[in-house]
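Working notes for the structure below.
The values are calculated or read from the model by the stated rules, or taken from the named source; none is laboratory data. It should be emphasised that the depicted structure is a prediction, and the values quoted were computed from it without experimental measurement. Cβ placement follows ideal geometry from the backbone for every residue including glycine, while neighbour counts extend to all protein chains displayed. Accessible surface is based on the protein model in full, side chains and every heavy atom, while ligands, DNA and RNA are left aside. Shrake-Rupley method; radii C 1.70, N 1.55, O 1.52, S 1.80 Å.
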Amino acid sequence: MADMLLSTGVHDTIPSNYVRPENERPHLDHVIADANIPVVDFGASDKSQIISQIEKACRLYGFFQVVNHGIDAQLIKKVLAITLEFFRLPPEEKAKLYSDDPAKKIRLSTSFNVRKETVHNWRDYLRLHCYPLEEFVPDWPSNPSSFKDVFGSYCKQVRQLGLRILGIISLSLGLEEEYLVRVLGEQEQHMAMNYYPKCPEPELTYGLPAHTDPNALTILLQDPHVSGLQVHKDGKWIAVDPKPNAFVINIGDQLQALSNGRYKSVWHRAVVNSNKERMSVASFLCPCNSVLISPPEKLIADGSPAVYRSYTYDEYYKKFWSRNLDQEHCLELFKRDRETCPDAPTFPCPDTPA
C-alpha cells in the first residue's frame with residue numbers, strides 16, 4: 001500500500017481516481033485574494049484589545065492569524081526544513097511508517113481515508129500523537145536524525161500557545177480564563193505534517209476538500225512560500241496567504257459546540273499547485289475522550305437553548321472518522337433538532353450543491 005504515496009515520484013498526469021466531478025472542483029478563478037484576514041498581535045500590551053480582536057474573529061470568521069506569539073523563528077524554520085526532508089526520504093524508508101488505519105497513533109498515509117473514499121486527495125501526511133511526549137516520542141521517526149529533538153521542542157511550545165489562546169477565548173465568551181482548559185480535560189495533542197506535491201492539473205482535485213476540524217483548536221504553520229489554504233466566508237472562498245512566522249488558528253467543532261454556536265468552526269480547504277510543492281504542519285488540541293461536551297450554563301442562562309445535545313468527544317471523533325471528509329458538517333448530526341426531527345435539513349459542505 002505504501003506505493004500509493006504521492007511523494008514517491010514525479011507526476012506528469014493526474015490519475016482518474018483523483019479527479020473530482022465537475023460540480024465539486026475548486027474553481028480557482030473564483031477565489032478571492034487574501035483580504036481583511038484577522039491578524040492578532042500577541043505582543044500587544046493591551047490584553048483587552050487582544051480579547052476583543054479574538055472575540056470578533058471567532059464570531060465572524062472562525063479563524064485568525066497570530067503574530068509575535070513567542071515561538072522562536074529559527075525553530076519554525078527547522079520544522080519546515082525537516083518536514084520537507086522527511087517527505088523526500090527514499091520510498092523504502094517511508095514504507096516503514098505507512099498505514100491506512102485511522103486508529104494508529106503514528107502513521108504515514110495519503111489522502112484522508114483511503115479505505116472509504118471514491119476520489120482521493122492530492123496529499124501525503126505523517127500523523128503523530130504528541131502528548132504526553134514521553135509516551136510517543138520513542139516511536140517517532142529517527143530519520144531525519146534531528147526529527148525527535150526539533151519536533152519535541154516544537155510540540156511543547158505549540159501546546160503552550162494553544163492553552164494560552166484557549167484562555168483568551170474563554171475570556172472573550174465572558175467566562176473565567178481557565179474555563180475551557182478545565183472542561184476540555186487533559187487534552188490530547190496531535191500533529192499532521194502535510195505534503196502536497198506539484199500537481200499537473202490542480203483545477204481537477206484538492207489537497208484536502210472543504211471540511212471543518214473535529215477537535216477544539218488547530219494551530220497551523222503554513223509553508224511561507226506557497227499559498228494553498230482557503231477559508232469559506234459569506235459564500236466565497238478566501239485565500240489565506242502565508243505571513244512570515246505567523247500561525248493560522250482554526251476554531252474546531254468542539255469550540256463551536258461549547259460556545260453554543262456563537263463561534264464558528266470554519267469550512268476550509270487546501271488546493272494544490274502545478275509549479276511548486278507545498279507543506280504545512282497542523283497541530284490539534286483535542287478534548288480528553290471521556291469529556292462531556294456541553295455549553296456552560298452562563299451561555300444558555302439567557303433563555304438561549306442548547307443547540308447541540310451533550311456527547312463525549314470519543315463519540316464525536318469516531319463519527320467524524322467514519323465519514324468522508326467532504327460530507328455535511330459533523331456537528332449537524334449532534335443538533336438537538338435531530339433528536340425530535342430526524343429529517344431536519346442538513347447543511348452540506350460548500351463544494352457540494354445543495
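Residues that are of a type in the set (Lys, Arg) and within 11 Å of the chain's Cα centre (by Cα): does segment 251-272 have at least one? There is at least one residue in segment 251-272 that is of a type in the set (Lys, Arg) and within 11 Å of the chain's Cα centre (by Cα). Exactly one residue out of SER111, SER145, SER170, SER153 is among the polar types (S, T, N, Q), closer than 19 Å to LEU285 by Cα and either surrounded by 20 or more Cβ atoms within 10 Å (Cβ to Cβ) or out of contact with any helix residue (DSSP H, G or I) (no Cβ under 8 Å at 6 or more places or on another chain) (or both): that is SER170. State yes or no: is LEU126 closer than 15 Å to PHE151 by Cβ, open to solvent by less than 40 Å² (accessible area, probe 1.4 Å), modelled with pLDDT of 95 or more and over 17 Å from the mean Cα position of the chain (by Cα)? So LEU126 does not fit the description; no.
Where in segment 224-342 are the helices (runs of 4 or more DSSP H), entirely inside, with at least 3 residues that are open to solvent by less than 10 Å² (accessible area, probe 1.4 Å)?
Qualifying helices (runs of 4 or more DSSP H): 253-258.
When restricted to residues that are free of Cβ contacts under 8 Å to residues at least 60 places away in the same chain and open to solvent by 90 Å² or more (accessible area, probe 1.4 Å), segment 76-104 contains 5. Report, ordered by the first and then the second residue, all pairs with beta carbons closer than 7 Å, sequence separation of six or more or different chains, a first member in segment 180-195 that is assigned to a strand (DSSP E or B), and a second member that is among the small types (Gly, Ala, Ser). Correct list of pairs: GLN189/SER283; MET191/ALA282; MET191/SER283; ALA192/ALA282; ASN194/SER280; ASN194/ALA282; TYR195/SER7. For segment 29-75, a residue qualifies if it is surrounded by fewer than 13 Cβ atoms within 10 Å (Cβ to Cβ), at pLDDT below 95 and not in a loop (DSSP other than H, G, I, E, B), and the qualifying residues are ASP29, HIS30.
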